[in-house]
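What follows is a set of notes on a single structure, which appears directly below.
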2 protein chains.
Amino acid sequence: MLIVQKYGGTSVGTIDRMREVAKRCLATQREGHDVVVIVSAMSGETNRLLALSKQLSDDSNDREVDVIVSTGEQVSVGLVALAIRAQGGQATSFLGHQVKITTDSAFSRARIQSIDGQPIFDALKTGKIAVVAGFQGTDVAGNITTLGRGGSDTSAVAIAAALKADVCEIYTDVDGVYTADPNVVPGARKIERISYEEMLELASLGAKVLQIRSVEFGMKYGVAIHVRSSFNQNQGTWVVPEEQAMEQVVVAGVTANRDEAKITLLAVPDHPGVAAKIFKPLSESGIVVDMIIQNVSAEGRTDLTFTVPKGDIKRAQELLRTRCGDLCGGGERIVTNDSIAKISVVGVGMRSHAGVAQRMFELLANEGVNILMISTSEIKISVIVDAKYAELATRVLHDGFGLHLPAGERASVG
Amino acid sequence: MLIVQKYGGTSVGTIDRMREVAKRCLATQREGHDVVVIVSAMSGETNRLLALSKQLSDDSNDREVDVIVSTGEQVSVGLVALAIRAQGGQATSFLGHQVKITTDSAFSRARIQSIDGQPIFDALKTGKIAVVAGFQGTDVAGNITTLGRGGSDTSAVAIAAALKADVCEIYTDVDGVYTADPNVVPGARKIERISYEEMLELASLGAKVLQIRSVEFGMKYGVAIHVRSSFNQNQGTWVVPEEQAMEQVVVAGVTANRDEAKITLLAVPDHPGVAAKIFKPLSESGIVVDMIIQNVSAEGRTDLTFTVPKGDIKRAQELLRTRCGDLCGGGERIVTNDSIAKISVVGVGMRSHAGVAQRMFELLANEGVNILMISTSEIKISVIVDAKYAELATRVLHDGFGLHLPAGERASVG
């Protein structure tokens, strides 16, 4: 088999940890497999480099910042290759430009367009382990680019796709993907198999175990992704096509996300074109609006509420004041709240099971948790609640949907 | 004019120092010049990266070690480019592979073969300052290489040669090249102009201000090199063709080098082929033998003394014991001494002035300094003395040859 293994920052955080990585790569190779390793920067290194850059420039979407931060992975690949050789193996490191990981030119958040697998195949053919720098690529002009936080996941899955690898193992510091955050929900269970679609929703909703784009890549190219711990030999979580997911559970997991804040514009005129006028300056400034609700209109005026990333709240407020002052009393009728949490339940089973939303609201109501906003997709229901209820709501939904039980023992719903 | 400026590790050792570098680059540009900047790693960074590598491999001549240590310069170019922009300028960084600094494949000590100046010219044409990573290149296969300690000097002079720059300014933490180490000789004077040939000898003899290969490049391509301080605006030392050196001084400078050790093989058979047998294993192991003397033979046996780098002394002794044991009593007749210093006087004027050697020996004898070995070249005389005399000998020769006086006031010799 051809196995791609990706090790995150904590897995290569020290020279000793790198020796463990080397040991695992070599053990895999000794089982008769071809091994390609993708590594992240040593933990803390990317932040150190960003802090250096910040002293000279506020703009992190900059060609030069990518030149600087991409060195973190460069150091890691060299060291991991040395660690493999120190244990008697053979290894060669590859940087983004050496395997032509070609991306667009969106510095700090570039998207992979193509990869030249040939240099890697050449290395594998001679018995070597190929150690490839994650997180980095080059655009067609040869500028160094980086793929955004967690980008090494995407590097790994994209390389697995380009090489048509049998599996892409994502090694991390947890055992896999859980039905909920085990720090919040004591009964949270490791998920054995999950569909790309569900994993996408979980990643979008704040489960930090995989970068969203890596799941998109996996889904697009059908790469079997195995999320597992670098600290033990346990089976982790397999992310696979929906038809291969073991059981069609109704709800696969529950997430809580505290990264959004709520903005309400009170008593805006309720006529066509107003919403567009409000959201245009936000989208032009790259502020992502997530959930939107609009109250029933009274006397030609309505309240408009939406959520944005917490880090953008000040900027959003200022933009609305200056660009749509006429709609909100020069800014006086803008109310913000950053003490909220988005609680979501995710599962492909929702497609065929009615009543999941109703059961969700019922479970929350029983505990006196007030729902501020609701949004749904085909396989996800999200609610906004006061931040103080985040843990309680997560636990109530987790056990209410039977996620504390083995998948086979869960009652169906609705 | 097209001006190449090179800044060493201490000149870019902190973000504040980088701001100073940026200021100087921009001031030069405002005077109407095109500016290309070559930067080293932040001081201490190369050692930090080497220390990381050392934990996994003893071999510093390794492809992967070059991948690791070359990141030091990569971080520097990104930061200096940001610093220039923060002050309102325009800048783009270039890595070795981006300007095709093509070298041989001798990792950790690669030699530059060619450079593609086009991307730099393109940047200059649009009013940008080009910030190029020193110390690094790539071989024809695309592997990253580094040029050895001080390699950024060579990068700078080679780039100046490729671009046909008008001057290559080497910024460092001293004011220029001195007639002797000012820490040892209070009367040491900054040299205003020095020939490539003299500078080559001084660099070979331990003056650390320029990498030897950078001077060779300068000589070969006729690049005017200006060594000066990044901490002030003073004129430094110009390294130029011999005919442009201001005055034909007899002695340009005095150096002391403590990096060698002495090995004596006692009573080796004095017949043809013995010397070859002794030096062959050393040269095969890459140990550079510097000075050699052989005593007059007595009863068919002779003493052979030579110097090697201090760091190689143990290895040399072991090689001689195992490979030429028959010549030196199985190693019993090998005597080593690493408490020596090589004191040298350098000057193109020696070519036309007799008596420099005699005057040198006289000056040392007057102070009771015993000479252990002597070697001469066309423009240099070196003597080995006991290490304890190093400072005394340097001072005596410096002032004895009038180097404490302005060049015009020095008496001729012989």
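Here, each number is a calculation from the coordinates, and none is a lab measurement. This is a predicted model, so every value here is computed, not measured. A quick note on method: Cβ atoms are made from the backbone with ideal geometry, for glycine too, and the neighbour counts reach across all protein chains shown.
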With unit charges on the beta carbon (Lys/Arg positive, Asp/Glu negative), name the residue among B:83, B:61, B:72 whose Cα is farthest towards the positive pole of the charge dipole of segment B:1-126. B:83
Which Cβ of chain B lies nearest the axis of the rotation superposing B onto A, and at what whole-Å distance? B:71, 2
Tell me, what HN-Hα J-couplings in whole Hz come from the Karplus equation 6.51 cos²θ - 1.76 cosθ + 1.60 at θ = phi - 60° for each residue of segment A:339-348, using x for Gly and Pro? 9, 10, 9, 9, 9, 10, 10, 10, x, 5
For chain B, what does -39500 (n - 2.57) per DSSP helix run (n ≥ 4), summed and divided by total residues, give at 222 nm, in deg cm²/dmol to the nearest 500? -9500 deg cm²/dmol
Considering only DSSP beta bridges where both residues belong to segment A:2-173, give the percentage that are antiparallel (nearest 5). 20
What are the equivalent ellipsoid semi-axes of segment B:340-409, built from the alpha-carbon gyration tensor (square roots of five times its eigenvalues), in whole angstrom, biggest first? 19, 15, 10
Mind counting lysine pairs for me in segment A:2-173? Cα separation below 27 Å, and the two need to be 8 or more apart along the chain or on different chains. 13
Two decimals is fine: what's Rg over Rh for segment B:1-90, C-alpha atoms, Kirkwood radius as Rh? 1.09
Size of electric dipole in segment B:340-409: Cβ of Lys, Arg +1 and of Asp, Glu -1, about Cα centre, debye, nearest 20: 180
Quotient of Cα radius of gyration and Kirkwood radius for chain A, i.e. Rg/Rh, equals 1.01
Relative contact order of chain B, pairs being alpha-carbon contacts under 8 Å that are 6 or more residues apart, as %: 13
Say each of residue B:16 and residue A:116 gets a label point 7 Å from the Cα, pointing the same way as Cα to Cβ; how far apart are those two points in nm? 4.6
The protein assembly as shown: antiparallel bridges as % of DSSP beta bridges, rounded to 5, reads 60
Along the positive direction of the dipole of segment B:2-173 (beta-carbon charges: Lys, Arg +1; Asp, Glu -1; about the Cα centre), which of B:8, B:41, B:129 reaches farthest? B:129
Relative to the other copies, what are the label-point distances for residue B:277, with labels 7 Å from Cα along the C-beta vector, expressed in nm at one decimal and sorted shortest first? 10.2
Explain nothing, just the number: dipole magnitude of segment B:2-173 about its Cα centre with +1 on each Lys and Arg Cβ and -1 on each Asp and Glu Cβ, in debye rounded to the nearest 20. 440
Using the Cα centre of chain B as origin and beta-carbon charges of +1 (Lys, Arg) and -1 (Asp, Glu), tell me which of B:226, B:292, B:349 is placed farthest towards the positive end of the dipole. B:226
Using only Cα positions of the protein assembly as shown, each an equal point scatterer, no hydration layer, compute I(q)/I(0) via Debye at q = 0.04, 0.05, 0.11 Å⁻¹ and quote the log10 values to two decimals. -0.26, -0.40, -1.24
I want the antiparallel fraction of DSSP beta bridges within chain B, as a percent rounded to 5. 60
Between the alpha-carbon centers of segment B:97-137 and segment B:1-32, tell me the distance in whole angstrom. 18
For residue B:358 and residue B:315, what is the calculated FRET efficiency with R₀ set at 41 Å and r taken between the beta-carbons, to the nearest 0.05? 0.65
Sorted from largest down, give the three principal axis spans of the alpha carbons of segment B:2-173, whole angstrom values. 48, 32, 22
Run through the other copies and list how far each one's label point is from that of residue B:59, in nm with one decimal, shortest first; the point sits 7 Å from Cα along Cα-Cβ. 4.4
Proximal charge balance of residue A:184 [Cβ under 11 Å; K/R count +1, D/E count -1]: -1
Can you grab the distance from the C-alpha centre of segment A:182-201 to the C-alpha centre of segment A:320-394, Å, no decimals? 20
Answer in debye to the nearest 20: the dipole magnitude of chain A about its Cα centre, from +1 Lys/Arg and -1 Asp/Glu charges placed on Cβ, is 620
Per the Kirkwood formula over distinct C-alpha pairs, the hydrodynamic radius of segment B:279-344 in angstrom is 12.8
Roughly how tilted is helix B:313-323, in degrees to the nearest 10 and between 0 and 90, from the longest Cα axis of chain B? 50
Along Cα→Cβ at 7 Å, what distances in nm separate the residue A:208 label point from those on the other copies, shortest first? 4.3
List the GluC sites (Glu not before Pro) within segment B:17-121 that fall in a DSSP loop (any state other than H, G, I, E or B) and whose Cβ has at most 10 other Cβ atoms within 10 Å. B:31
Longest segment of chain A with no trypsin sites (Lys or Arg not before Pro) in a DSSP loop having at most 12 other Cβ atoms within 10 Å? A:209-414
Sparse-neighbourhood loop hits (GluC sites (Glu not before Pro), segment A:180-277; DSSP loop; Cβ within 10 Å at most 13 others) -> A:247
Please grab the % of Cα pairs in segment A:263-414 that end up more than 20 Å from each other. 56
Counted charge near residue B:204, where neighbours are those whose Cβ lies closer than 10 Å (Asp, Glu -1; Lys, Arg +1): -1
